[in-house]
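What follows is a short report on a single structure.
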Amino acid sequence: MPLRKTFRRIEALWRDWDRRAQKSGLRSTVYSVNGDEYTGEWMDNLKHGKGACIYKQVNAIYQGDWICGKRCGYGTYSVKSASTGEYIRVYAGNWSNDKKHGFGTYYCSEGEYYEGGWECGHRSGWGKMIYANGDMYEGEWQKDKYCGQGILFSANSRYEGSWKEGMKHGPGKFYYMDTGRIYDGYWMKDIAKCGTLEDTVGTEAPDTGKLPIPEVKVADPKSVLEEATRSLTSTGQNIPITLAQSMGTLLDHCYRE
């Protein structure tokens, strides 16, 4: 009977390496081929749980929640400053499917930021935007533009009303803060089409005090009386004594004044 030899099956090396490379749970820093670094939790060889990832190509870092290899939950995104070398926070808030989604705060520049709702990486929903020049918008957004109802505060004006694609569109009120006037009307693509303009601040007359009423006097009462007497005499009318005496008394009084 011939002797049969059984060979032991040897597993391929790449399978052994792949099994050892499977990552689950908390692991130390893992370096990717593109230079990215991740430190945190894993599940089934994907980033899952809490972790921080450094993106070498864009000099940025994300710290927060992960689900199945994507940023999902709450996290912060910071960019490395070229001058100081420190990371400056750009966004802090909620994420979904690797994009800003939910409520969060985005820091555009020094003194300028947005706080409100996000949808698929765009400002959407209700939010407030503070600009570096002091202007402020608070209201509804859609895909990074004013859309819906909102208020825009400026240095000398304020608009309350409807917006569409970042422009005044629909009914609204425009307040002129320096003059106190209000324009109430309808807008189309940032242009006022029809409406009414009214003043809300009345101007009061200045207080000049009590001014004395000037005394009215006859410049030459004697000549006036003599002329009246002559006209009555020429018509043949006799002046009663009582009237003449009264006129004399009035004349004397005017002279004494």
Inset, instruction - For Val90, enumerate residues with amide H under 5 Å from its amide H, sequence gap 5+ or separate chain, H modeled in the peptide plane. - result: Tyr77, Ser78, Val79
Legend entry - Nearest-0.05 FRET efficiency for Thr29 and Cys68, computed from C-beta distance (R0 22 Å): 0.60
Inset, instruction - Grab every C-alpha pair in the stretch 127-176, bin the distances at 5 angstrom width from 0 up to the longest one, and report whole percents. - result: 6, 24, 32, 26, 11, 1
Legend entry - Rounded D (µm²/s) - the stretch 24-126, Kirkwood Rh over Cα pairs, Stokes-Einstein at 10 °C, 1.306 mPa s: 112
Legend entry - With DNA, RNA and ligands ignored, accessible area of Tyr107 (1.4 Å probe; Å², nearest 10): 100
Legend entry - In Hz, Karplus ³J(HN,Hα) per residue of the stretch 55-60 (6.51, -1.76, 1.60; θ = phi - 60°; x = Gly, Pro): 9, 5, 5, 10, 6, 9
Legend entry - Glu198-Ile88 FRET efficiency (beta carbon distance; Förster radius 30 Å; 0.05 resolution): 0.05
Legend entry - Note, ³J(HN,Hα) from phi for the stretch 67-83, Karplus 6.51, -1.76, 1.60, rounded to Hz, x at Gly and Pro: 9, 6, x, 10, 5, 7, x, 10, x, 10, 10, 10, 10, 6, 6, 6, 7
Inset, instruction - Kindly provide the pair-distance distribution of the stretch 74-171 built from C-alpha pairs, with 5 Å bins from 0 and whole-percent values in order of increasing distance. - result: 3, 13, 21, 21, 18, 12, 7, 4, 1, 0
Legend entry - Carbon + sulfur, % of accessible area of the stretch 56-210 - ligands and nucleic acids excluded, 1.4 Å: 50
Inset, instruction - Once you've got the Cα coordinates, tell me which of Lys50/Lys128; Lys70/Lys164; Lys80/Lys145; Lys23/Lys50; Lys100/Lys189 are over 21 Å apart. - result: Lys50/Lys128; Lys70/Lys164; Lys80/Lys145; Lys100/Lys189
Legend entry - Along each principal axis, Cα extent of the stretch 83-130, largest first, Å: 34, 25, 12
Legend entry - Hz values of 3J(HN,Hα) by residue in the stretch 168-180 - Karplus curve (6.51, -1.76, 1.60), Gly and Pro given as x: 5, 8, x, x, x, 10, 10, 9, 8, 5, 7, 10, x
Inset, instruction - Would you check the accessible area of Ile88, probe 1.4 Å, heavy atoms only, in square angstrom rounded to 10? - result: 100
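The values are calculated or read from the model by the stated rules, or taken from the named source; none is laboratory data. From a predicted model like this one, the values you see are computed outputs, not experimental measurements. Here the Cβ is made from the backbone with ideal geometry for all residues, glycine too, and neighbour counts use every protein chain on show. The area values use the complete protein model at the heavy-atom level, side chains included, leaving out ligands, DNA and RNA. Shrake-Rupley method; radii C 1.70, N 1.55, O 1.52, S 1.80 Å.
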